Structure formats: structure tokens, C-alpha cells
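**Q** Next up is a structure, given as C-alpha cells.
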Amino acid sequence: MTARFEADLPSGQPIIVARDVVKRYRIGEQDVLALDGVTLDIAAGEFVAIMGASGSGKSTMMNLIGALDAPSSGSLAIDGRDIGAMAADDLADLRNRTIGFVFQQFNLLPRTPAYRQVMLPLQYTHPRPTDMETQARQRLEQVGLANRMDHLPRQLSGGQQQRVAIARALVNNPKILLADEPTGALDSRTSDDIMRLFSALNSDGITIVVVTHEPEIAEWAKRRITFRDGRIVSDVRQASPQREAAQ
Amino acid sequence: MTILDSLRVALTALRSNLLRSILTTLGIVIGVASVIILVAVGNGATGEVNRQITALGTNMLVIFPDAMRVMGRSSATGSALPLSEGDVTALREKIFGVSGISGQLEESAPVVRGNLNWTTSVSGVHGDYTFVRDWPVREGRELNAQDLRAAGRVALIGSTVAKQLFPGENPIGAEVRIKNVPFQIVGLLSVKGQSAMGRDQDDVMLIPMTTARNRIVGKSDVQVDQVGRIYVKLDDQTNIKVAQEEMEQLLRQRRKNGPNSEDSFSVRNMAEFMRARTEVLSTMSYLLGATSAISLIVGGIGIMNIMLVSVTERTREIGLRMAVGGRKRDIMLQFLVEAVMLCLLGGLIGIALGVGIAWLIAYLASWPVAVSLNVIAGAMTAAGLTGIIFGFFPARRAAGLNPIDALRSE
Ligand SMILES: Nc1ncnc2c1ncn2[C@@H]1O[C@H](COP(=O)(O)OP(=O)(O)OP(=O)(O)O)[C@@H](O)[C@H]1O
Ligand SMILES: [Mg+2]
């Protein structure tokens, strides 16, 4: 037991480093503190679940890690680069190559076949890969959609749509996979499938951060961080029965 | 994201809202179509006028034996004092820069060859006539001084007359009769085509002035050495305005027109007269061109409007594209390409419509119409530019979105 626990300890270099991160929204006269001084290190290869009540700042934190937004104060480094000091195009490249983002609402493009959805990040990569379509199709195979390549989003189930979105997040071999309630719109069996996929990806070395409300989902992770009112209130490493069972 | 990718995305977007896209381009369609129609009709008319100026001969003045009103002959034609051989000689000798001069005494008469009969315009002219009118003979010879001196019964015929009286035959050397006077055809005039008024200019026959006066023109005319109207050709170095004034002065003296009385003749610069008409036409074209420019602008605003709607509708898509690595310029380009594509679509429809209507006008009004490739290219460029100009603001708005705000939009 102890030995396994040790094995779950982070071994890689820190890949997400947050120091006193504050995110403040101003609504009219009022200031909303979405993040109230978050300090956090996540090492390469970790599998982290972020939990907490609604409005506790989980999504806000994920968006910052995903370089979709900038902190109001404090510093946040992704893969060794301070996102507060990066130019817009460099941030775009970071989102393109280093980070894969999976959304609760899938965010697929309408009227676009699955393989084209997955190709999308490659179209924004510099220099442009020449075998975009092959790569996209391989990723779809990896997420178990070999026979759904040309389907449109409306021709796919929720779980299949989320797999397309995951294939899209993975297509550029990111170091970090971020998923904000990826199973929020799915039933529990489909959710388990998705988490099994994440678990396998993590075994291959990708750092994974998942936001979830559901304890069963969080149990897949090796580390569980809980937010409350914009702060981290607990941060525990854990064994994962689901992962054991899956392996 | 390459332009090709952007084109593909734009095409998908346009297709998914096909009806809206087409309605949006209506302003551009109308703008482009009207540009094409106007220029086609305007060019056709201008081209026709220019062709006539050249046909009339550049550097040419025409003197009529009466005071002319702006457009037509004055009503006093019959009673006017004719221009004479003396006037021709005086003009040739006293006016500097005259390179050719000829009278033209015209009468409509039936020309008979065997049992064929054709009524045409028969004109007595001097030897310089074909030179002055830039109208050389195609076959045979010109009229010469000897023909004039001897009042020879020789004639040049236009191609229409040749066709009517000598179908499939060579008319040179053949004989025809006018008012029972036999004439030998010595030359065939080159083809001049239709005039602006639709008159067939090749339906003519030219004979020596002296012969015409003696044998063809009605005997009721008083003066024996009349020459009808006079065509004067000036050499290239001569200022046509100055020469015109000199001629007017000379003729006033000869015809004893007092300084206060109205001239009993008129010297007309035909080319200038035609050009003035062209100017009116082109002024009109400019005005109408401005109208179409306005409709292009209105069309552009329509495009801008729909692009803003599109940006709003697709804010989440923009957010997603940014989230997976799209740069500002990628987003910008995508919406610009879409706006330009909309405009070019409108342009294409407009061209089809414009060319169609121009042909219809040509057909119905038998007005010469010239659809030029330049104008089509120009109209397409204008449509494309409209897309760039009016697509710029919406595209910049899309590119300026913050990724997370875009993703979160409803
Ligand atoms: N764009 C925004 N403008 C204003 N306030 C915001 C904005 N985004 C988030 N907030 C506020 O910040 C706080 C944290 O929001 P966040 O979305 O991070 O919560 P969450 O933990 O993800 O909640 P949930 O579990 O419901 O998704 C909330 O109080 C929210 O109202
Ligand atoms: Mg959330």
C-alpha cells in the first residue's frame, strides 16, 4: 500500500506553477474575487481532480491554466513560461501545442465531420503538418471512433461527441490535458469510459487536470484538490480504486 | 490557417445560410450590374461616336450654304445663296493649311443597269473628295482633274450600290445610266458602314462635280457654278479653330455679309460637334456611375451588417478556434475572406445580370453595346474591395474577442 502510494507521488518537473494567483471580476460597483490567492504546483505526469462547490473558482482556475484568460495578479507559469508575460500569438501557440482543452459542452463545430473537427488544431500549427488528416484519423481511432470519422456532431451521441472533442484536444500531442467537467453532460457509464481513456492517456505520460463535481469521477485521479471561495482548502494524494480495476 | 482553409470555412458558412447570403449580396448585385450596364451602353455609344468621327475624317470642316441651327438645317435651305466654285478656289488659295477641298452636290436618283434599278444618293464631287473624307477607292481609280475638266461620264460607286447592281460581278468598267445619261464605273469605294443615324454610308455614287451640274442636278437651280456643301481637310499642324475663323471671315467678305447681319453660311467642325455629344454622354455615365458606386456602398453596409450578425452568432466558434491555437490574424482572415466571398458572389450574380440586361438593351433598342472585360474585372475588383473594406470592421471585432469571453457567450 505504502509502496503504491509512493509510486503515485509526482516524479516529473513542475509543469504548472501558480503563485498567489488572484482573479477579480468587476460587475458594476462590485468586485467578485473568483480566485483569492491560489498557490499550486502540478508536476508533469500528474492526474489531478479539482473539486469544490459551485462558484468556488474551479473553472476560473482551469481557464487560467489553459491560457484562455490572464490572472489579475500573481504569476502562473505553464511548461516553464510565465503566461502573464507572453504575447498573444505565443499564447495561441501554447494553447495549440502544449495544452489540450476539453469542455463540458464539447464545443464541436456544426456541419463539420468528425475528422475535420480533430484536424482543426493542426490547421493552426506553425509550421503546418503535412499529414493532418492521417493524424486526425489516428486520434479518432485512439478514442474508439474508427467508424465515425465522417459523422457530423448531430449524428453522434453525447459520449461520442465528447470523444471527438478529446481526440481534438490530443491531436497535437499536448503535455497537458485540461478537462472542465468533461462528463457533466454524460451518463455514468459513458463517464466511466471517458475516465478510463484519461487514465490510459495519463499512463502514457500526459499531465491531466479534471474539474468535477462527482466524487466517483474524482476517484480516478491520483491527486484531489478542493476549492472553496477561490482558495484551495485541501490537496490530497490518493490511491485510485477505479484505476486499479481498469488496469 | 491558410487562405484555402479559410475559403473552405467561409464556403461552409455561406452554404449553411444560403438564402441569407444571397439576399445580403443584393446591394452588390445591383451595384455591379448597373456599372456593367452603364459602361456597356455608354461605351457602345461613345465607341460609335468615335468611329463616326474617324469616319468623317479628323481635321475636317464642313461648310453649309446656310446658317445652321444646333442640330438640323435651318428652314431657309431652299432660298439660301449657294456656295460656288469661286468659294472653293478662294478657300484653297487663301486659307493656310488646307490639304484638300471638295464640294458635294447631292441628289437622290435611280441608277439603272440593264433591267436592274437602284435609287441611291448621287453626288457630284471634286477630285479631292475621297482624300478629304478618308475614303479611298478599293478597286479601280479615283476621279481625276481630267474627269472634272471634261465633265467626264465616269463614276465611283459604294459597296451597297455594287452589291445591288452587280451581284457577284466586278463593276469596274461596266456602264450604268442615271437619268438616261450613261456612266462608266471606274472605281469601287472602300466600305464605310452605317452612320450613327443608321444610314448606310455605302449606298452612294460619286461623279465629277462638273458632270453633276451639267447633267444630273435639277435645272431649276439658279447658279451655274454651285458646289453644294464644301468639305475642307486641314493638315495636322494646322489649328482647326484658327482655320475655321479665317474661313468664316473670307466667306463673309465674299458673300457680303455685314458685320451685324447673320451669316448666310456655317462652318462646322464635325469632329468637335461629335465630341461634344460624347462629352454629354460621358458626363451622364459619370453621374450614373456615381449612382452605382452608391449602391456598392449601400451593398457594402449590408455585408458589414450581416458579417456583424455572423460574428455574434459564431462567437463560441471563434472562442473555440482561439482555444485550439487560432491567432488573431487567423480569425481576422477568416471573416475577411467570408466578406470578400459574399461580395464576389454578389459580383458574379451582378455580372451575369448586367451582361444579360446589356444584351437585352442592345437587342431591343438596337443601341450599340460594348461589354468590356476591363469593366467586368473592374467591377469584380470593386466588389472584392467592398468586401475588404466593409468586412474589416466585423473581422477585427471577431479577432479582438477574448478567448474565454467568446467561449462563454450564449
Ligand atoms: N466572466 C465573469 N464575470 C463575472 N464573474 C465571474 C465571471 N466568471 C466567473 N465569475 C464568478 O467567479 C466565481 C467563480 O466562478 P467559476 O466559474 O470559476 O466557478 P466554478 O467553481 O467553476 O463553478 P461551477 O461548479 O458552477 O462551474 C463565481 O462567483 C462567478 O460568479
Ligand atoms: Mg465551472
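**Q** Ignoring everything except DSSP H segments at least 4 long, calculate the 222 nm mean residue ellipticity for chain A; use -39,500 (n - 2.57) per segment, divide by total residues, nearest 500.
**A** -10000 deg cm²/dmol
**Q** When chain B is treated as a GNM, springs tying every alpha-carbon pair under 10 Å, which of B:Gly114, B:Gly124, B:Gly44 comes out with the largest mean-square fluctuation?
**A** Largest GNM mean-square fluctuation: B:Gly114.
**Q** Same structure, new question: R0 = 35 Å: FRET efficiency of A:Arg111 with A:Asp204, Cβ-based, nearest 0.05?
**A** 0.60
**Q** Nothing charged except the Cβ atoms of Lys and Arg (+1) and of Asp and Glu (-1): what's the magnitude of the dipole of segment B:81-263 about its Cα centre? Round to the nearest 20 debye.
**A** 460
**Q** Just round it to a whole percent: the fraction of Cα-Cα distances in segment B:81-263 exceeding 20 Å.
**A** Working: 9295 of 16653 pairs.
Counting every Cα pair in segment B:81-263, those more than 20 Å apart make up 56 percent.
**Q** Right, another one. May I ask you to evaluate 6.51 cos²θ - 1.76 cosθ + 1.60, the Karplus curve with θ = phi - 60°, for each residue of segment A:156-162 and list the ³J(HN,Hα) values in order in whole Hz, giving x for glycine and proline?
**A** So the Karplus estimates, Gly and Pro as x, are 10, 6, x, x, 5, 4, 5 Hz.
**Q** Same structure, new question: Could you check the spin-label model distance between B:Asp200 and A:Arg128? Points 7 Å from the Cα along Cα→Cβ, value in nm.
**A** It works out to 6.4 nm between the two label points.
**Q** Here is a further query. Taking other Cβ within 10 Å of each residue's Cβ, how do B:Leu250, B:Leu407 sort, fewest first?
**A** So the ranking, lowest neighbour count to highest, is B:Leu250, B:Leu407.
**Q** Follow-up question, since we're still on this one. Can you give the FRET efficiency for B:Thr89 and B:Val224, using 1/(1 + (r/R0)^6), R0 = 22 Å, r = Cβ-Cβ distance, to the nearest 0.05? Display every interim value, and only then the final one.
**A** Details: r = 15 Å, r/R0 = 0.69.
Here the calculated transfer efficiency is 0.90.
**Q** So, one more: Please grab the % of Cα pairs in segment A:14-246 that end up more than 31 Å from each other.
**A** 21
**Q** Give the order of A:Leu120, B:Leu116, B:Leu83, B:Leu373 when sorted by the count of other beta carbons within 10 angstrom, beginning with the fewest.
**A** Starting with the residue having the fewest Cβ neighbours, the order is B:Leu373, B:Leu116, A:Leu120, B:Leu83.
**Q** Is there a quick way to get the dipole size of segment B:300-410? I mean about its Cα centre, with the Cβ of Lys and Arg at +1 and of Asp and Glu at -1; what is the value in debye to the nearest 20?
**A** That gives segment B:300-410 a dipole magnitude of about 340 debye.
**Q** Any chance you could run the full-extension gain for B:Ser372 through B:Glu107? It's 0.36 nm times the residue separation minus the Cα-Cα distance, nm to one decimal.
**A** Between B:Ser372 and B:Glu107, full extension yields an extra 91.3 nm.
**Q** Remind me, relative contact order of chain B in percent, using alpha carbon pairs under 8 angstrom and six or more residues apart?
**A** Result for chain B is 30 percent.
**Q** Return the whole-Å distance between the Cα centroid of segment A:118-188 and the Cα centroid of segment A:27-75.
**A** 25
**Q** Of the listed pairs B:Lys192/B:Lys241; B:Lys192/B:Lys256; A:Lys222/B:Lys328; B:Lys233/B:Lys256; A:Lys23/A:Lys222; B:Lys94/B:Lys179, which have alpha-carbon separations greater than 31 Å here?
**A** B:Lys192/B:Lys256; A:Lys222/B:Lys328; B:Lys94/B:Lys179
**Q** Still on this model: Once the Cα atoms of helix B:270-313 and of chain B are each reduced to a long axis, what angle between those two axes, in degrees from 0 to 90 to the nearest 10, is obtained?
**A** For B:270-313 against chain B, the angle is about 10 degrees.
**Q** Moving to a separate point now. Looking at chain B as a GNM with Cα springs under 10 Å, which of B:Ala377, B:Ala151, B:Ala45 has the largest mean-square fluctuation?
**A** B:Ala377
**Q** Cα gyration tensor of the protein assembly as shown, axes a ≥ b ≥ c as square roots of the eigenvalues: rounded (a/c below 1.5), prolate (a/b > b/c) or oblate?
**A** prolate
**Q** Dipole size in debye (nearest 20) for segment A:14-246 around its Cα centre, Lys and Arg Cβ +1, Asp and Glu Cβ -1?
**A** Roughly 360 debye, rounded to the nearest 20.
**Q** OK, next. How many angstrom lie between the C-alpha centres of segment B:278-325 and segment B:138-164?
**A** Between the Cα centres of segment B:278-325 and segment B:138-164 lies a distance of 63 Å.
**Q** If one computes the Cα centroid of segment B:228-250 and of segment B:1-41, what distance in Å separates the two points?
**A** One Cα centre to the other: 56 Å.
**Q** Let me ask you something else. With unit charges on the beta carbon (Lys/Arg positive, Asp/Glu negative), name the residue among B:Tyr231, A:Val22, B:Val32 whose Cα is farthest towards the positive pole of the charge dipole of the protein assembly as shown.
**A** B:Tyr231
**Q** Can you compute the FRET efficiency between A:Arg237 and B:Arg329 using 1/(1 + (r/R0)^6), with r the Cβ-Cβ distance and R0 = 51 Å? Round to the nearest 0.05.
**A** Numbers: r = 43 Å, r/R0 = 0.85.
The pair A:Arg237/B:Arg329 has a calculated efficiency of 0.75.
**Q** What length, rounded to one decimal in nm, is gained on full extension from B:Asn115 through to B:Asp405, with 0.36 nm per residue of separation minus their alpha-carbon distance?
**A** Using 0.36 nm per residue and subtracting the Cα-Cα distance, I get 94.9 nm.
**Q** Taking +1 at the Cβ of each Lys and Arg and -1 at the Cβ of each Asp and Glu, which of B:Val137, B:Val111, B:Val122 sits farthest along the dipole of segment B:103-149 towards its positive end, judged by Cα position relative to the Cα centre?
**A** About the Cα centre, the residue reaching furthest to the positive side is B:Val111.
**Q** Quick one: angle between helix B:328-365 and the longest Cα principal axis of chain B, in degrees between 0 and 90, rounded to 10, please.
**A** Approximately 30 degrees, to the nearest 10.
**Q** Going by amide H atoms built from the backbone, whose H comes under 5 Å of the H on B:Lys179, apart from near neighbours?
**A** Here the answer is none, since no amide H 5 or more places off falls under 5 Å of that of B:Lys179.
**Q** Of all DSSP beta bridges located in segment A:14-246, what percent are antiparallel, nearest 5?
**A** The antiparallel proportion sits near 55 percent.
Here, each number is a calculation from the coordinates, and none is a lab measurement. Quick caveat: nothing in here was measured; it's all calculated off a predicted structure. Positions of Cβ are backbone-derived with ideal geometry, glycine not excepted, and every protein chain shown enters the neighbour counts.
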